[in-house]
Amino acid sequence: MNKVANVCIQFLKEFLFKKCPKNIYSRFWFSILQDFIRTRYEIIIYKMEFFQEDLKNYSINYNRYYIDNITKIKIRRYDIDGIIIYKPVPDCNSQSHTSVSIDITAVINKFFRSIDPNLDKHNCENVLDCLFSIYKIYF
């Protein structure tokens, strides 16, 4: 990270040196930019310590609907809603008791027809599914 910061600072210094008049460059760099860059760098270092600590730990999700939301998102993506059939339970008067039947062959056919060999797309979809599931309440 220090190397990246040094390269960026060096680029900015050279850019300003070539594009600004010399008297403005020295006043601007030493009176404004140098302190600003140092402050921003210290903030970034401080925040990176938290990120590194988070990477060492397992993420914890207390949303009890997290997996349900991800499953619903995947079902919508693979369009297998029509394959799942809900039927009332025989000899039961309650409308809330249902029996589910799934045509596994149709699910497998739809799933394997929709596989994309692009690993980046697959990974991005999984990350977005997780994000939408976690932040579903905001959408």
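The values are calculated or read from the model by the stated rules, or taken from the named source; none is laboratory data. All values reported here derive from a predicted model rather than from experimental measurement. No Cβ is skipped: glycine too gets one built from the backbone with ideal geometry, and neighbour counts run over all protein chains shown.
Filtering the range 86-107 down to residues that are of a type in the set (A, V, I, L, M) and closer than 17 Å to Thr71 by Cβ, which residue is surrounded by the most Cβ atoms within 10 Å (Cβ to Cβ)?
Only one residue tops the list, namely Val107.
Give the range 3-41 a look and list any residue that's of a type outside the set (Val, Ile, Thr), within 30 Å of Leu131 (Cβ to Cβ) and exposed (fewer than 12 other Cβ atoms within 10 Å of the Cβ), or say none.
Matches in the range 3-41: Arg40 only.
So how many residues does the range 1-53 have that are of a type in the set (Gly, Ala, Ser) and within 29 Å of the chain's Cα centre (by Cα)?
1
Can you tell me which residues in the range 46-90 are assigned to a loop (DSSP other than H, G, I, E, B), farther than 13 Å from Ser133 by Cα and modelled with pLDDT of 80 or more?
Within the range 46-90, Val89, Pro90 meet the criteria.
What pairs can you find where one residue is in the range 1-27 and under 15 Å from Arg40 (Cβ atoms), the other is assigned to a helix (DSSP H, G or I), and their Cβ atoms are less than 6 Å apart, with a gap of 6+ or different chains?
Sorted first by the residue in the range 1-27, then by its partner, the pairs are Ala5/Tyr41.
For the range 38-66, how many residues are farther than 30 Å from Gln10 by Cα and in contact (Cβ under 8 Å) with a residue 12 or more places away in the chain?
4
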